[in-house]
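Below is one structure; the comments refer to it alone.
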Amino acid sequence: MHQLTRKAYHRYIERIGQEPAPMRANYSHLRPPSCAWVLEDDGHLVGVLVCEWAADHLMVENVAVDDAHRGQGAGTMLLSWAEEQARAAGKDEVRLYTNAAMHENVAYYPRLGYRESHRADQDGYQRVHFAKSVSP
């Protein structure tokens, strides 16, 4: 999971001027309310989704897809899974954020129904926050 995340975000280092936050995260110590799901194809890791449960929403902390599978719907599938899990748990919303310099992501999330909620400097990163209602 860590290797896939590092590979998936490596292309953004120069653009951001430092390693993106998911590259620095230690996923070997996830504990509730954090959770992780992986997407595999024939036993090979295709993507990873790391989330944290909150009282009224599910926060997506990381969604990363192997370079060989980019553009094939894996990220959309992982986010759809998160939305289904949030809905099943009675949560009203899925939230996520991306770095403002990751313009591909800033354009991608609205196409999936996420609306930009705000922008903020956080932990040395310029973040764009998004939310999507998953109420039935």
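Every residue in the range 105-121 that is within 18 Å of SER133 (Cβ to Cβ) and either at pLDDT below 95 or of a type outside the set (Phe, Trp, Tyr) (or both), please. Of everything in the range 105-121, those that are within 18 Å of SER133 (Cβ to Cβ) and either at pLDDT below 95 or of a type outside the set (Phe, Trp, Tyr) (or both) turn out to be PRO110, ARG111, LEU112, GLY113, ARG115, GLU116, SER117, HIS118. Of all the numbered requirements in (1) in contact with a Lys or Arg (Cβ under 8 Å, 6 or more places away or on another chain); (2) at pLDDT 95 or above, GLU84 misses one, and that requirement is (1). PRO32 meets each of the listed conditions (1) outside any strand (DSSP E or B); (2) within 14 Å of GLN85 (Cβ to Cβ); (3) at pLDDT 90 or above apart from (3). Kindly establish whether HIS69 is touching a strand residue (DSSP E or B) at 6+ places or on another chain (Cβ under 6 Å), touching a residue at least 24 places away in the same chain (Cβ under 8 Å), surrounded by fewer than 22 Cβ atoms within 10 Å (Cβ to Cβ) and within 16 Å of PRO32 (Cβ to Cβ). The answer is no for HIS69. If the condition is being assigned to a loop (DSSP other than H, G, I, E, B), under 23 Å from ASP56 (Cα atoms) and not β-branched (Val, Ile, Thr), then the range 85-136 contributes ALA89, GLY90, LYS91, ASP92, LEU112, GLY113, TYR114, SER135, PRO136.
The values are calculated or read from the model by the stated rules, or taken from the named source; none is laboratory data. Everything numeric here is computed off the predicted structure, so don't read it as measured data. Quick reminder, even Gly has a Cβ in these numbers, built from the backbone with ideal geometry, and neighbours come from all protein chains shown.
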